[in-house]
Amino acid sequence: MKSKICLACEKELQGRSDKRFCDVHCKSAYHYKKSIDEAPRFYNKVDNQLRLNRKILKYYNKAGKATLRAETILELGFDPNFFTHYWKNKKGDVYLFVYEYGFLKRREGNKEKYVLIKWQDYMSK
Ligand SMILES: [Zn+2]
């Protein structure tokens, strides 16, 4: 039978075959390290989604302003839950921005659309 090793310190484990750690110290060290390792993965996931969102908005907003069917960009992997900041205009419409590219969801009849705009200097005031 193959002897088992501790997941934290890699020492050979004695006793019960369902043991995964030498003791509680190794167990907590292992879980602590695991939580540290997983943090960058979440960061990278968000980062990748923001990059993809920006790329898609940039592609469909070459003129600085555009309106398109929501499916057009959703099909490409655009995720409206990932944005960097927002801007509210005088009418109270809240545009969400992915860096310099903004979008606003609008319903026309039964069609969902996105209005795309570009960040302007006056918006930061
Ligand atoms: Zn150990």
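Nothing in this text is a laboratory measurement; each read-out follows from the coordinates by a stated rule. Only a predicted model underlies this, so the values are computations on that prediction, with no experimental measurement involved. Ideal geometry is used to build each Cβ from the backbone, glycine not excepted, and the neighbour counts take in all protein chains shown.
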Given the structure, is Ser3 within 16 Å of the ligand (Cβ to nearest atom) and outside any loop (DSSP other than H, G, I, E, B)? no
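Would you be able to say whether some residue in segment 16-33 is under 30 Å from Tyr114 (Cβ atoms) and loosely packed, with under 12 Cβ neighbours inside 10 Å?
From segment 16-33, those under 30 Å from Tyr114 (Cβ atoms) are none; that's our starting set.
No, there is no match, as no residue in segment 16-33 is under 30 Å from Tyr114 (Cβ atoms) and loosely packed, with under 12 Cβ neighbours inside 10 Å.
A quick yes/no check of all residues on (1) in contact (Cβ under 8 Å) with a residue 60 or more places away in the chain; (2) small (Gly, Ala, Ser); (3) in contact with a Lys or Arg (Cβ under 9 Å, 6 or more places away or on another chain); (4) not in a loop (DSSP other than H, G, I, E, B):
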site: Ala8; (1), (2), (3), (4): no, yes, yes, no
site: Lys27; (1), (2), (3), (4): no, no, yes, yes
site: Tyr30; (1), (2), (3), (4): no, no, yes, yes
site: Lys33; (1), (2), (3), (4): no, no, no, yes
site: Asp37; (1), (2), (3), (4): no, no, no, yes
site: Lys45; (1), (2), (3), (4): no, no, no, yes
site: Ile56; (1), (2), (3), (4): no, no, no, yes
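Being more than 13 Å from His85 (Cβ to Cβ) and without any contact (Cβ under 8 Å) to a residue 12 or more places away in the chain is the filter; apply it to segment 107-125 and report the residue that is surrounded by the most Cβ atoms within 10 Å (Cβ to Cβ).
Gln120
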Which condition from (1) under 27 Å from the mean Cα position of the chain (by Cα); (2) surrounded by fewer than 13 Cβ atoms within 10 Å (Cβ to Cβ); (3) within 25 Å of Asn110 (Cα to Cα) is the one that Tyr86 breaks? (3)
When segment 10-25 is examined, which residues are found to be within 8 Å of the ligand (Cβ to nearest atom) and part of a helix (DSSP H, G or I)? His25
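Condition first: basic (Lys, Arg) and surrounded by 13 or more Cβ atoms within 10 Å (Cβ to Cβ). Can you find one or more residues in segment 66-80 that meet it? Write out each step before concluding.
Just the residues of segment 66-80 that are basic (Lys, Arg), to begin with: 69.
After this cut, where a residue has to be surrounded by 13 or more Cβ atoms within 10 Å (Cβ to Cβ) as well, the list is 69.
Yes, because at least one residue in segment 66-80 is basic (Lys, Arg) and surrounded by 13 or more Cβ atoms within 10 Å (Cβ to Cβ).
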Has segment 40-55 got at least one residue that is more than 12 Å from the chain's Cα centre (by Cα) and surrounded by 11 or more Cβ atoms within 10 Å (Cβ to Cβ)? yes
